[in-house]
Each structure stands twice: as structure tokens, then as C-alpha cells.
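Engineer: Take a look at the following structure, please.
The values are calculated or read from the model by the stated rules, or taken from the named source; none is laboratory data. If you're wondering where the values come from, they're calculated on a predicted model, not measured in any experiment. Methodologically, a virtual Cβ is constructed for each residue, glycine included, from the backbone with ideal geometry; neighbour enumeration extends over all protein chains shown. With ligands, DNA and RNA removed, areas are computed over all heavy atoms of the protein, side chains included. Shrake-Rupley method; radii C 1.70, N 1.55, O 1.52, S 1.80 Å.
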Amino acid sequence: MPQVLEAQPSVDQQAQLASDQQQQQQPNLQSQQHPQQQKQTSQPPIIQYQVTVYTGDVLGAGTDGDVFLALEGSQGRMEERQLVGSTTNSNPFERNKHDIFRFKAADIGPPLSATVRLIEKGLGAAWYLDRIEVVNTANNGTAAFVCKNWLQQTKANPQAKVLLPATQVYWPEAQQHQQQQEKRDQPSHQQELYGAGKAPDKQHRQQQQLLQETSQQELQQQKQVAAGTQPTQNGQMQQPRQESPPQQPQQQPPAQQSKQQSPQQQPPPSQELVPRVAPGPQPTCSWQSCSAPYPDDPNYVVTYYYNTSTGVSQYEAPAEYLQWQNAHHQWLKRQQDPV
């Protein structure tokens, strides 16, 4: 019988078959890569934050403006949001008051810095911010941001914005991670003795046994010495040696004794008098610390600083006045006890 030859596919048919096979393999590859993409695009958990804002206790510290807060953490950033709905005061951001705000946001990890912005409203809208405390209610982690300064719109700072670094941070998760990292970095006792990944061999065991035997012999010798007996080379006990009493020194003639005692009887040489140095001229400063009663409340006394040369006054102590105060204190100390 004649053989029947099968028809071979053409070049176009081979290309079509190859493209069909690739399309069949692509869904499998997508199904394998899909879990990894989900892990990469997983969002951080939503937690509740508690923010406590402390307004300072200075004249005109309160404000009726709007306050905004943004946080930067080790795991992300919390976008700027307005602090509204104080749970402690119906009129927030008043002098010597603290306001508590609660809101939910994504977990950013331990806070690193906080950005505070003020939009002024009304007259005297400048605000004296003392500090801000942030609490993560999920793990009781806390972070403090200290300001102790005025926020107001000026030419140098038209947005009345300030960046505050975190000064006091307690974050349990971060501390646990640091402790685990320290444990991993610190080698174990076995790794220090025998090296990482090695077990004690026969030679090391013999050395340890020899150290234990020598330590036991030393303890026995100490006990024998304490009991009053000493071992010999043959192992027999030997009584302790009786020490002869110390010999008394020979008495010297009274003439030599008087010669030896004469240097001690001589009076000590007179000490030279140290010259007393004057403390120097008294330091001066153009700034003066002044105080005056508040017009609306005479019982409250306001402290301010006045420059006698320029006529400028301000509430904060200038650096020149603080330096003069330190120098004046040292001058008074030298005047009371000169060298």
C-alpha cells in the first residue's frame, strides 16, 4: 500500500500556534505574580490618634485662628489636617489651656517631625504654642514636639508655619524591633567560644574539664590554708611555720634621739602670701528687665525687657541680656571671693 504523508503546517500556522501557547501561559504567570503585587500594594492599617495641644501661659497667647497639623513618621506621612472638635474646650487654643483632638488616619510608625500652620483670624491672632503630644491609641506610643514660641504671619514667615522635631518618643514596636536587632547583632556564648555554626569538639571539652579540675584544686588549697594546714608535694599535710616574734629595735643614746627629733620640732617655713587680684570692672548691658501690672488685671504682673539705647521693648529675653546676666553673676562671685 502506498504511504500517506501528513501535511506539514506552514510558517503562518506555526506562528499562530506559538502565539496561542504564549496566551495560555500568560494567565498562569499573572496568577503567580498577583499575590506579590497585592503584598506590595497593601495599605497600612487605620488607627486612632489622640493629639493634645498646649497653649503657653504668656500675655496674648491665645488665638481664634485655624490650626493645621501634619506628621512625618518612619513608615509614611500624614497629610495636613485642621484640628477641630476639641473635647476639652468649646473655644480652643486659649491661654494656659490644653485641647484634645481625636481622629483616625493611616499608621505612619514612630513620628519624626510635626508641621504646624496657623491661619490668623481677627485682631491679635498670633498664637504662642507651648508643645504638642501625639498618642497612638493602638499601642500607647507617645511623641512630644516642643515649640515654646510664637506663630504669626510675618514677611519672613507669611504662612505662619513651623517644623518641630520629635524630642521625646516612646514607641513600643520600635523599641522591640531595636532590641531584636541588638540580639541578632550580639553573638551568642557558643559563637564566641567555638565560632558561628560550630559545635564544641573533643579538644575543647578536655580544656573545659582541665579548667574545672584546676579550679577545684585551688578551692581545696584555699580551704586548707584557712584551716591552718598546707599540702606538700607528696600530698601530706604540713603544719604552718611558726614565725619568730619581731626583734625590738635597739635603744639609741639620748643624744642621737634628740638629733633625730630636732628636725621634726623645727617650725614649718612660713607660707608666701598670694596676692589678691581685683575682680575687674562690672559688666554692662543696654537691656533692662522691667515689670508692670496688666491693665485689665492689676494682680497679674507682666515682665518685659527694655533697651535703653534703642528704646525697643519685647517680652522674650534677648541673647545679649542673658549673656550679661551670666557675666554679672560671675563678676559678683569673684567680688565676694577674689583669688
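Engineer: Those residues that are touching a strand residue (DSSP E or B) at 6+ places or on another chain (Cβ under 6 Å) and either of a type in the set (Ser, Thr, Tyr) or on the phi < 0 side of the Ramachandran plot (or both), I need them from region 80-93; list them, please.
Structural biologist: Result: Glu80, Gln82, Leu83, Ser86, Thr87, Thr88, Asn89, Pro92.
Engineer: Okay, moving on. Name the residue, out of Gly109, Gly141, Gly124, that is out of contact with any strand residue (DSSP E or B) (no Cβ under 9 Å at 6 or more places or on another chain) and either on the phi > 0 side of the Ramachandran plot or open to solvent by less than 30 Å² (accessible area, probe 1.4 Å) (or both).
Structural biologist: Gly124
Engineer: Starting from region 85-100, take each residue that is without any contact (Cβ under 8 Å) to a residue 12 or more places away in the chain and list its partners that are of a type in the set (Lys, Arg), counting only C-beta distances under 7 angstrom and pairs at least six apart or across chains.
Structural biologist: Close Cβ pairs (under 7 Å, with a partner that is of a type in the set (Lys, Arg)) amount to Asn89/Lys97.
Engineer: Hand me the list of strands (runs of 3 or more DSSP E) wholly inside region 40-91 holding 2 or more residues that are surrounded by 18 or more Cβ atoms within 10 Å (Cβ to Cβ).
Structural biologist: 46-55, 66-73
Engineer: Scan region 110-125 and give yes if some residue there is modelled with pLDDT under 90, touching a Pro at 6+ places or on another chain (Cβ under 8 Å) and either in a strand (DSSP E or B) or of a type in the set (Lys, Arg) (or both), otherwise no.
Structural biologist: The answer is no, given that none of the residues of region 110-125 is modelled with pLDDT under 90, touching a Pro at 6+ places or on another chain (Cβ under 8 Å) and either in a strand (DSSP E or B) or of a type in the set (Lys, Arg) (or both).
Engineer: Please go through region 80-114 and pick out each residue that is more than 26 Å from the chain's Cα centre (by Cα) and of a type in the set (S, T, N, Q).
Structural biologist: Passing the criteria: Gln82, Ser86, Thr87, Thr88, Asn89, Ser90, Asn91, Asn96.
Engineer: Still on this structure, please answer the following. Could you count how many residues in region 92-103 are open to solvent by less than 30 Å² (accessible area, probe 1.4 Å) and either farther than 19 Å from Thr142 by Cβ or of a type in the set (S, T, N, Q) (or both)?
Structural biologist: 1
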